[in-house]
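Undergrad: Below: one structure in structure tokens.
FYI, it's all coordinate maths here, none of it is from the lab. Note that this is a predicted model, so its numbers are computed, not measured. Every residue, glycine as well, gets a Cβ built from its backbone with ideal geometry; the counts of neighbours run over all protein chains shown.
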Amino acid sequence: MNDEMLEKILKRLNILVSLEFDQEKVTDQEKISRLDSFGLKPSEIAEILGKSGDKISKQLYAIKTRKKGGKEK
């Protein structure tokens with residue numbers, strides 16, 4: 001399989017993941033936290049959600065800080 005074909009498949013999978021999240025009506029932080037739990041890099045999460053990598057990194061920092069502080073709901 002060539003790189004172009006793999007890129008098309010990845011794009012379609014990203015769309016499917018994004019659509020699934022849209023049906024669940026969850027917050028961006030919940031989406032980011034879930035994708036992070038699968039071991040995805042911030043850049044991969046950003047690509048799936050159509051957000052900037054900087055925004056994803058900031059959200060991940062906030063999520064991890066909240067968990068360390070014992071404020072996890």
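Undergrad: Go over the candidates GLN29, GLN23 one by one and state the one that is assigned to a helix (DSSP H, G or I) and surrounded by 10 or more Cβ atoms within 10 Å (Cβ to Cβ). Outline the logic, then answer.
TA: Working: GLN23 fails: surrounded by 10 or more Cβ atoms within 10 Å (Cβ to Cβ).
Among GLN29, GLN23, only GLN29 is assigned to a helix (DSSP H, G or I) and surrounded by 10 or more Cβ atoms within 10 Å (Cβ to Cβ).
Undergrad: So is ARG12 surrounded by fewer than 16 Cβ atoms within 10 Å (Cβ to Cβ), within 18 Å of ALA62 (Cβ to Cβ), out of contact with any strand residue (DSSP E or B) (no Cβ under 9 Å at 6 or more places or on another chain) and not hydroxyl-bearing (Ser, Thr, Tyr) or not? Give the steps one after another, and end with the answer.
TA: Numbers: surrounded by fewer than 16 Cβ atoms within 10 Å (Cβ to Cβ): yes; within 18 Å of ALA62 (Cβ to Cβ): no; out of contact with any strand residue (DSSP E or B) (no Cβ under 9 Å at 6 or more places or on another chain): yes; not hydroxyl-bearing (Ser, Thr, Tyr): yes.
Judged against the criteria, ARG12 is not a match.
Undergrad: Follow-up. Mind checking which pairs have a first residue in region 43-64 that is buried (at least 17 other Cβ atoms within 10 Å of the Cβ) and a second that is hydrophobic (A, V, I, L, M, F, W, C) and outside any helix (DSSP H, G or I), Cβ under 9 Å, 6 or more apart or different chains?
TA: ILE48/LEU40
Undergrad: Something else now. Using beta carbons and a limit of 8 Å, which pairs, at least six apart or on different chains, have the first residue in region 5-27 and under 18 Å from LEU40 (Cα atoms) and the second one among the basic types (Lys, Arg) and assigned to a helix (DSSP H, G or I)?
TA: Final answer for the pair search is PHE21/LYS31.
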